[in-house]
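Participant: Have a look at this one.
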Amino acid sequence: MVGNPDFQTISGRDQAPELQEIETPEGELHLRFFMSDDDEFALPATGIRRIIEYAPDHITPVPNVSPLLLGTFNEQGRVIWVADLGQFLGHSKPMNTDRAEIPIIAVEDAGTMLGLAVSKIIGTDWLDVDALKATTDSSDVMAPFLKGEWPISLRDASSAHSASSVGKSLRLLDHIAILRSARWVA
């Protein structure tokens, strides 16, 4: 069996396999998602506790709280508040809850966890925070929660989304500012 030519390399001697170079990603890992069809945002992966898809009827509404909050749900014995991130950031229309599941990004800081309901989760991407630009076109409501933005390149637009993404920006949110906001008080 050892003498079988199928088990020998071209020169007949064992050779070390070629080392394959592994490409190191540049930047930091972020989660990309849509608030609406043309509002794309990112959150640093380090602040995200988990990503959940929950049926709207499993989110329990709570009376006499901020209208920005959709309610609560129980995740592994922990009660998590769920917020309509779009309305929190100043969108006029509330989240469409007439669907099978709502994507929720659970962010956490110093033991406080909050579920941010979004329209659609795209996925993760390595983004260069040094290339972040100052936000130029944001509302007064949204501005305190933005760290900056990246222009969406033609490559990004064709791979993930649509031609309508051209000329748009990918905005980086500050999850700590969102968690600590006084806007949650009714």
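The values are calculated or read from the model by the stated rules, or taken from the named source; none is laboratory data. All of these numbers come straight from a predicted model, not from anything done at the bench. Positions of Cβ are generated from backbone atoms using ideal geometry, with glycine treated the same way; all protein chains shown enter the neighbour counts.
Participant: Taking into account only those residues within the stretch 33-57 that are free of Cβ contacts under 8 Å to residues at least 60 places away in the same chain and loosely packed, with under 13 Cβ neighbours inside 10 Å, which is nearest to S181 (Cα to Cα)?
Facilitator: Out of the qualifying residues, it is T46.
Participant: Could I ask something else about it? Of everything in the stretch 115-131, what is assigned to a strand (DSSP E or B), among the hydroxyl-bearing types (S, T, Y) and touching a Gly at 6+ places or on another chain (Cβ under 8 Å)? Give them in sequence order.
Facilitator: Matches in the stretch 115-131: none.
Participant: Of everything in the stretch 83-114 that's among the small types (G, A, S) and in a strand (DSSP E or B), which residue is surrounded by the fewest Cβ atoms within 10 Å (Cβ to Cβ)?
Facilitator: Per the stated criteria, the residue is A106.
Participant: Are there any pairs with C-beta distances below 6 angstrom linking a residue in the stretch 115-128 that is surrounded by 14 or more Cβ atoms within 10 Å (Cβ to Cβ) to a residue that is aromatic (F, W, Y), with the two at least 6 apart or on different chains, and if so which?
Facilitator: Pairs that qualify, where the first residue is surrounded by 14 or more Cβ atoms within 10 Å (Cβ to Cβ) and the partner is aromatic (F, W, Y), are V118/F33; S119/F34; I121/F33; I122/F33.
Participant: Looking only at the stretch 48-76, count how many residues are of a type in the set (G, A, S) and within 22 Å of the chain's Cα centre (by Cα).
Facilitator: 2
Participant: Across the stretch 130-151, which residue is farthest from R171 (Cα to Cα) among those that are modelled with pLDDT of 85 or more and of a type in the set (D, E, K, R)?
Facilitator: Ranking the candidates gives D130 first.
Participant: Tally up the residues in the stretch 168-186 that are more than 26 Å from I152 (Cβ to Cβ) and assigned to a helix (DSSP H, G or I), please.
Facilitator: Going through the stretch 168-186 one residue at a time, the tally reaches 4.
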